[in-house]
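A.B. asks: Okay, handing you the structure first.
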Amino acid sequence: MKFNSALGLLTLVGGASSSLTITTNTNKNPLVSSQNTTVVPNTFIVELQPDFHPDLQPKERFSKTKPGAKPGYRVRQQYNSTDFFYGVSVSFDNHVDLGTLRQTAGVKNAWKVALVPRPEPYVLRGAPKISKGSLPNLRGSAKINQPLAMGNVQKLHDQGIKGRGVQVAIIDSGVDYRHPALGGGFGRGHKIALGYDFVGDDYTGDNAPAPDQDPLATCVDGGHGTHTAGIVGMEDPKNQGFGLVGVAPEATIAAYRVFGCEGSTSTEILVASMLKAAQDGADIVSMSIGAYDIWEEVNPFDEVVTRLTNHGVAVVAAIGNFGTAGVYSTSAPGISTNSLSVGSIENEVYPTVYSAHDDKHKAIDYVSVFPANSLGRVEVYQLGTGLDVPIDANVSSGCYQPAWDALAEATIDWSKTILLMSWVSWCGSSWGQAVDFGVQSILVSQEEEQLIVVDEPQDPTTLLFLDLPNSKQLVKNLSQLPAGQKYYLTFDGNKPSYAANPLPRTPDDFSSYGPTIEMSLAPKISAPGGTILATFPLEAGGYAVLSGTSMATPFAAGSLALLKSQQPHLSVQELYARLMTTASPVNEPGSNQVASTARQGGGLINVYAAVKADTVISPSELTLRDSATPAPQKITITNQSKSKKKYSIQHSPASFYRVYYNYLTGNTDYSSAGGSIPLDVPASAQFSQSSLTLGPGQSASIQVQIKPQHDDWPWSMPVYGGFVKITSDDAAYSIPYIGVPYNRTEVGPIMHNVTTQVPYDSPGILKLRADDLFLANGQIPTPNIDSYNWSLDLSKSFIPVFRVDVLLPSRFIRFDLVPANTSFVPSIYGFDPDAHIDYKPPSQAILPGFLGVPTYGQLFSITVDDAPSNSPTISQPLINHFFAQALVYPALTNDDNVTYNISSGDYRPLLRALRWNGNEANPDDYESWLGPVIRADIPSDEFPSDA
């Protein structure tokens, strides 16, 4: 797959972002090479037909295929499970076309091998380190296991239900099973009873793996798997640690290591690990792993997940940490149809808070994993001291350079001093210069209430945090000091307490939003994943507080283990349904609005309610897809109790999301910063009946008609959701629903009649000087026709910048320059079609073009599918595309991927985008925009044309 050098790098932005970078056709590295850096060249996962040489092993079977019969390839993995997946991963020395490979006799399907980034949780670090291997007794916090209370796990533990007899496979970065809370060993009889290392310490994704039988990971950057394993099954022994308990401490854990100490893994290794977990007897597979992905069919996981599920193996997967990108920010394999995708809910407390006191014995409590008692008595030195300005939060934030300049002039013994800095939202965590000055410890205060989830500075700096009440107290203490008097804190508190979290029991902002591209519910459910204390490698202190959907996923997997231990006869889908329909919907952060199902799925897991449920609700979710009037939905209620039950049926709408790109002209509340803001635009619901009574074992069905409110701005990607609530005297159930309030096919994918970046409309053209490609400096061209000129001296060139956005799902997009007098009739005119123009045809040769439209050549083409070899088309499986491309040089590319200069004359830009569910070969299935005339002045001596 190639990309013509005339285009250069495009800005193809997924999710919510209003920023536009003008990209040009001067880049030396084409887009295809940069955006496909995660694809391993000429390397594929190949599933073989079950009846193709069935007596042979996968490697030998592949050798009987046409590409396998030739030399010049290497088999990297063999998949030999006749129940789940049979095939190979193979790397070819030369180019192999994926489409051709899929059509090869003996091949059932094939996928490109891609690298998958290692999980990057949102981290609270910088805590004081404790001695290697030392796990002191730090019991004291009354809410150290608060996540268990949030998910209603503790009630089951109190009844002796702890997951015995269920095997949970954790596919992650390995595990430090030497940790006492994880059993202290590996193998039969231990908590970590089995597993496998697919990669070894040194594997990065770019080198050969070194597998072995031992999943041990002791490196700090490999600690992610130790943390997730702890959430499932940790048990701190007496007089060691914090007294932590996992969700299913009596479950058997199998650990499969797929990441080295640094770098990525690959889809071929993940598939291998999933198959081995199933073959080793896993009941549940927990995967806190994922790459940004919204198109279900373009990754290999969906098939594997479906087959595992059909054989009774549940796959629980993180929905991703891309929430700041807004809706449609999911990841794979979480989007797989039959996986249980998990979103993250914030902990109700900071579980480890310690006390220091000043010389007047006034206490200051700080948030840290471990106590900072090694600091002893230290002077508190506030950033900004030494300036002739009052020290406020902005001065001491780290973003006010004079404060650092003053610190550089001060003489400070950092072994006896802690630097006080403020953390303000506009500045962020700007601690870097402190490290340069040799600061050994930083105390971070808040000006406004914020969730403490901050990356650490470089070692060896210790980072301690104050919540808002203690920040105010410290500022007050400093303000009361006599002039010239120093302020000291003594760190001597040994036992942890806890503090209230400012965003308790609400969806975390990092947690990815659904729905999937097919408008399925994602995540399916949510679990505690923000500010979670759990095990960590002994070399890193043994414990860490991490945040992410990575933490929520093992919580859900452990909850599923508790449920399965009590309901072993249920199918995987029935287990999922129990968890989803008994979950507890939560509100948006800082709001009384119920959070959208695009953000929380069915809600916060309530595993006790799932285990004790005696009513079955089907289906467990309603996917309403894209319609202003979705079809009525049927819901069946079954009373499995031994007594008569009366049920009440109600509607609970959730918040409405719109991705804000500053689209809606005249609405000043629209943020240009991106993200999804919840709105109170509730859908309505009508039920065939509002109550019913069922005897023991009886079932009945009701019908619900859900209707969203009318929406005028489909290109801002609105999503609505809510719950159908079904309550009896002793239990409450809910069914999440999700939908898009318009028809994608009718709307079409090209955004128009709205503004993305004031005052520039899309679709449209701007006129800029070629050496000053800044959108704000762009001129709006003369309507219908304007002149542009090119020169090797860019300061003399005035060139077009194309502003065309395709924001709804489109599998194929193509942008050409066509004859100015084209007879093509577009969906959208970028000019007055009745305006008379005396055309100046160029001497350029006219090519047949695409779908019968003659062209001079294309600017770009993009497909969700695999692009043919030797094609200018690039593969880009995103949902929305922002284009701000400058044609710095007058060059186009033909369908044979040949780039050439064009000559002077008149051209029109034509963009076509395939409608939702459209046929790529049918011209009527495209929405199109035809732009005004570009009258090009191109000096032939500077840009020789092949015409």
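A.B. asks: Determine whether GLN213 is in the same structural domain as ALA272 (by TED's automatic domain parsing) and free of Cβ contacts under 8 Å to residues at least 40 places away in the same chain.
C.D. replies: For GLN213, the condition - in the same structural domain as ALA272 (by TED's automatic domain parsing) and free of Cβ contacts under 8 Å to residues at least 40 places away in the same chain - is met.
A.B. asks: Follow-up. Out of ALA403, ALA408, which single residue is part of a helix (DSSP H, G or I), surrounded by fewer than 13 Cβ atoms within 10 Å (Cβ to Cβ) and assigned by TED's automatic domain parsing to the domain that holds ASP492?
C.D. replies: ALA408
A.B. asks: Moving on to the next point. Which of the helices (runs of 4 or more DSSP H) found entirely inside region 219-310 contain at least 1 residues meeting this: under 16 Å from ASP197 (Cβ atoms) and modelled with pLDDT of 95 or more?
C.D. replies: The qualifying helices (runs of 4 or more DSSP H) are 224-233, 267-279.
A.B. asks: Could you tell me whether region 788-801 includes any residue that is outside the structural domain of ASP626 (by TED's automatic domain parsing), closer than 27 Å to GLY849 by Cβ and modelled with pLDDT under 95?
C.D. replies: Yes, there is a match, as at least one residue in region 788-801 is outside the structural domain of ASP626 (by TED's automatic domain parsing), closer than 27 Å to GLY849 by Cβ and modelled with pLDDT under 95.
A.B. asks: State which residue pairs qualify: first residue within 14 Å of ALA251 (Cα to Cα) and inside region 154-170, second residue basic (Lys, Arg) in any location, beta carbons under 6 Å apart, and separation of 6 or more residues or different chains.
C.D. replies: From region 154-170, the pairs are VAL166/LYS564.
A.B. asks: Which of the strands (runs of 3 or more DSSP E) contained wholly in region 843-883 include at least 2 residues that are in the same structural domain as TYR900 (by TED's automatic domain parsing) and within 27 Å of PRO718 (Cα to Cα)?
C.D. replies: The strands (runs of 3 or more DSSP E) meeting that bar are 857-863.
A.B. asks: For the structure I just gave you, tell me whether THR490 is in a loop (DSSP other than H, G, I, E, B) and of a type in the set (Val, Ile, Thr).
C.D. replies: It is false that THR490 is in a loop (DSSP other than H, G, I, E, B) and of a type in the set (Val, Ile, Thr).
A.B. asks: Looking at ALA105, ALA127, ALA114, which one is at pLDDT 85 or above, crowded, with 16+ Cβ neighbours inside 10 Å and among the small types (Gly, Ala, Ser)?
C.D. replies: Unique residue meeting the criteria: ALA114.
A.B. asks: When you check LYS767 against the structure, is it buried (at least 17 other Cβ atoms within 10 Å of the Cβ) and either without any contact (Cβ under 8 Å) to a residue 40 or more places away in the chain or charged (D, E, K, R) (or both), yes or no?
C.D. replies: yes
A.B. asks: Would you mind telling me which numbered condition in (1) in contact with a Lys or Arg (Cβ under 7 Å, 6 or more places away or on another chain); (2) on the phi > 0 side of the Ramachandran plot ASN917 fails?
C.D. replies: (1)
A.B. asks: Taking the stated definitions as given, is ASP786 touching a residue at least 60 places away in the same chain (Cβ under 8 Å), among the acidic types (Asp, Glu) and closer than 22 Å to TYR907 by Cα?
C.D. replies: yes
A.B. asks: Okay, next question. With the condition kept exactly as written, say whether any residue in region 464-481 is within 13 Å of SER422 (Cα to Cα), within 42 Å of the chain's Cα centre (by Cα), modelled with pLDDT under 95 and in a strand (DSSP E or B).
C.D. replies: yes
A.B. asks: If you go through region 679-726, how many residues are loosely packed, with under 14 Cβ neighbours inside 10 Å and either in contact with a Cys (Cβ under 6 Å, 6 or more places away or on another chain) or more than 22 Å from ILE635 (Cβ to Cβ) (or both)?
C.D. replies: Looking only at that region, the number is 3.
A.B. asks: Let me ask you something else. May I ask you to list pairs of residues, at least six apart or on different chains, whose Cβ atoms are under 7 Å apart, with the first in region 737-764 being modelled with pLDDT of 90 or more and assigned to a strand (DSSP E or B) and the second being surrounded by fewer than 18 Cβ atoms within 10 Å (Cβ to Cβ) and not charged (D, E, K, R)?
C.D. replies: Short answer, once both residue conditions are applied: ILE738/THR623; ILE750/ILE828.
A.B. asks: State the number of residues belonging to region 94-107 that are assigned to a loop (DSSP other than H, G, I, E, B) and either among the aliphatic types (A, V, I, L, M) or over 33 Å from the mean Cα position of the chain (by Cα) (or both).
C.D. replies: Qualifying residue count for the region: 5.
A.B. asks: Here's something else I'd like to know. Out of the residues in region 140-164 that are in a loop (DSSP other than H, G, I, E, B) and in contact with a strand residue (DSSP E or B) (Cβ under 8 Å, 6 or more places away or on another chain), state the one that is surrounded by the most Cβ atoms within 10 Å (Cβ to Cβ).
C.D. replies: This residue is GLY151.
A.B. asks: In region 869-898, which residues are modelled with pLDDT under 90 and either in contact with a helix residue (DSSP H, G or I) (Cβ under 7 Å, 6 or more places away or on another chain) or of a type in the set (Val, Ile, Thr) (or both)?
C.D. replies: Within region 869-898, THR873, ILE874, GLN876, PRO877, ILE879, ALA884 qualify.
A.B. asks: Then there's this: Here are some residues: LEU563, LEU622, LEU604. Which one is surrounded by 16 or more Cβ atoms within 10 Å (Cβ to Cβ), assigned by TED's automatic domain parsing to the domain that holds GLY233 and at pLDDT 95 or above?
C.D. replies: Every option except LEU563 fails the conditions.
A.B. asks: Restricting the first residue to region 368-379 and requiring it to be among the small types (Gly, Ala, Ser), which pairs with a second residue that is surrounded by 22 or more Cβ atoms within 10 Å (Cβ to Cβ) and in a loop (DSSP other than H, G, I, E, B) meet a Cβ separation below 6 Å and a spacing of at least six or different chains?
C.D. replies: Taking only residues 6 or more apart or on different chains, the pairs are SER368/ALA127.
A.B. asks: Checking ASP834 against (1) in contact (Cβ under 8 Å) with a residue 60 or more places away in the chain; (2) within 21 Å of ASN784 (Cα to Cα), which test does it fail?
C.D. replies: That leaves (1) as the condition not met.
A.B. asks: Restricting to region 567-582, what's the tally of residues that are small (Gly, Ala, Ser) and either part of a loop (DSSP other than H, G, I, E, B) or surrounded by fewer than 17 Cβ atoms within 10 Å (Cβ to Cβ) (or both)?
C.D. replies: Result for region 567-582: 1.
A.B. asks: Could you tell me whether GLY548 is modelled with pLDDT under 95, out of contact with any Cys (no Cβ under 9 Å at 6 or more places or on another chain) and under 21 Å from THR516 (Cβ atoms)?
C.D. replies: Yes; evaluated as a whole, the condition is true for this residue.
A.B. asks: Give the number of residues within region 67-82 that are over 31 Å from the mean Cα position of the chain (by Cα) and touching a residue at least 40 places away in the same chain (Cβ under 8 Å).
C.D. replies: 0
A.B. asks: Quickly run through region 768-811 and pick out the residues that are within 36 Å of the chain's Cα centre (by Cα), in a loop (DSSP other than H, G, I, E, B) and under 23 Å from PRO833 (Cβ atoms).
C.D. replies: Passing the criteria: none in range.
The values are calculated or read from the model by the stated rules, or taken from the named source; none is laboratory data. The structure presented is a predicted model; accordingly, all values stated were derived computationally and were not measured. All Cβ positions, glycine included, derive from the backbone under ideal geometry; neighbour counts span all protein chains shown.
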